[in-house]
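To keep things clear, I will list the structure first and then write my remarks on it.
Quick note: the coordinates plus some simple rules give every number you see, no bench work behind them. Note that the structure is predicted; figures quoted are calculated from it, not measured. Counting neighbours? That spans all protein chains shown, and the Cβs are built from the backbone with ideal geometry, glycine included.
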Ligand SMILES: CC(C)(COP(=O)(O)OP(=O)(O)OC[C@H]1O[C@@H](n2cnc3c(N)ncnc32)[C@H](O)[C@@H]1OP(=O)(O)O)[C@@H](O)C(=O)NCCC(=O)NCCS
């Protein structure tokens, strides 16, 4: 525990204009609207245009989050971007966002934790606030996975969409009811090969062969990941609740990673939380990886579903494998 508490001050999000429906996908690969709906819960997803990269989406969500806060642009003291689909391998997308926002002389860095990226970034961010180093951090989860999708692979191409979600995390005043209560992040690198973009790094540098073999696109063994998803999200959520003497009944809202409706329902059942307390928007966006949680939070706060003082539990899992949860009073 640090000297101070951190809180979620505000959220913002953004999704590209273009929408790809299940019916559109039927024309691209051997799939059906019925298979996608029943196996995943997805109906449509947003797709970035050729001109839109991660930093463009991130910038829009950042503006929306800052404008929704009491924090002025020059009071942002750190930028953390969670992404596995950055503009470039380097420089970091966070530095590009910093430039777009016109902010100078503050640290900016990316973190790679797959779909758990936003949870990892918030867990890191809260340490800086709780130990008194900074007061306000801009944290963004952004993904343009459709740019690294194999559009011939029906196992993966129906699943992903593009979006961004951001929050301003600030130091909580003693009078604030809002605060991050606890968080936990975890990983198991032994299963990394089940969800991977194999080429483009130092293991398999880009070559004509890697392009021909589609090794720059997402490879996923979905059913192996599926089994781990429920187990790992439940484990970290349950530990957070236990060590804070809470149980499922104390939670106002669970905001789970939106990878598959069946995973979300299985998690809710295991946690004994009714689906009426679970935030779901997978039908509109598909799996937007590190953006799903801040995007869902932003929508639910703007529609006044989630209100100040509500106890919220955020939980995710993804490539790495990684997983983690955050317990907060919004
Ligand atoms: C990907 C996922 C939806 C697949 O569902 P599943 O029930 O596990 O399905 P399987 O992979 O076992 O495939 C079942 C069958 O459907 C077929 N299938 C796969 N994708 C299909 C599609 N888009 N349309 C029609 N059929 C499809 C498979 O070829 C397979 O056919 P077979 O039985 O003839 O071999 C599911 O495994 C999942 O959501 N996994 C987790 C994904 C995830 O969360 N990733 C990490 C976070 S980013």
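When you restrict to C-alpha pairs under 8 Å that are six or more residues apart and normalise by the size of the chain, the relative contact order lands at 26 percent. Beyond 25 Å, the tail of the calculated P(r) for segment 1-144 holds 36 percent of the Cα pairs. Of 139, 263, 106, the sequence from fewest to most neighbouring Cβ atoms within 10 angstrom is 106, 263, 139. Per-residue ellipticity at 222 nm from helix content only, as computed over the chain with -39500 (n - 2.57) for each DSSP H run of at least four residues, stands at -9500 deg cm²/dmol.
When the chain is treated as a Gaussian network with alpha carbon springs shorter than 10 Å, the biggest mean-square fluctuation among 14, 317, 194 belongs to 194. Dimensions of segment 32-75 along the principal axes, based on C-alpha atoms and rounded to the nearest Å, stand at 49, 26, 10, largest first. Placing a pseudo-label 7 Å from each Cα along the Cα-to-Cβ vector at residue 175 and residue 238 gives an inter-label distance of 4.2 nm. Evaluated at q = 0.17, 0.26, 0.28 Å⁻¹, the base-10 log of the normalised Debye intensity for segment 72-145, with identical point scatterers placed on the Cα atoms, takes the values -0.59, -1.22, -1.32.
Neighbour counts of other Cβ atoms within 10 Å put 298, 30 in the fewest-to-most order 30, 298.
Radius of gyration (Cα atoms) of segment 108-194, expressed as a multiple of 2.2 N^0.38 Å: 1.38. The modelled label-to-label distance for the pair residue 27/residue 39, using points 7 Å beyond Cα in the direction of Cβ, is 2.2 nm. Annotation for segment 204-256 versus segment 1-44: alpha-carbon center distance of 15 Å. Between residue 283 and residue 190, the simple label model (points 7 Å from Cα in the Cβ direction) yields a spacing of 4.0 nm.
Rg/Rh, computed from the Cα trace of the chain with Rh as the Kirkwood radius, has the value 0.95. Computed over segment 179-329, the convex hull of the alpha-carbon atoms projects to a mean area of 10.1 nm². Computed over segment 179-329, relative contact order equals 37 percent, with contacts defined as Cα pairs under 8 Å that lie 6+ residues apart. For q = 0.32 Å⁻¹, what log10 I(q)/I(0) does segment 185-234 give under the Debye formula with an equal point scatterer on each alpha carbon and no solvent? Ignoring solvent entirely, the Cα scatterers give -1.19. Comparing 12, 248, 102 in a Gaussian network model of the chain where C-alpha atoms under 10 Å apart are linked, the largest mean-square fluctuation is found at 102. Summary of packing: across the peptides 115-123, 47-55, the per-residue average of other C-beta atoms within 10 Å ranks them, highest first, as 115-123, 47-55.
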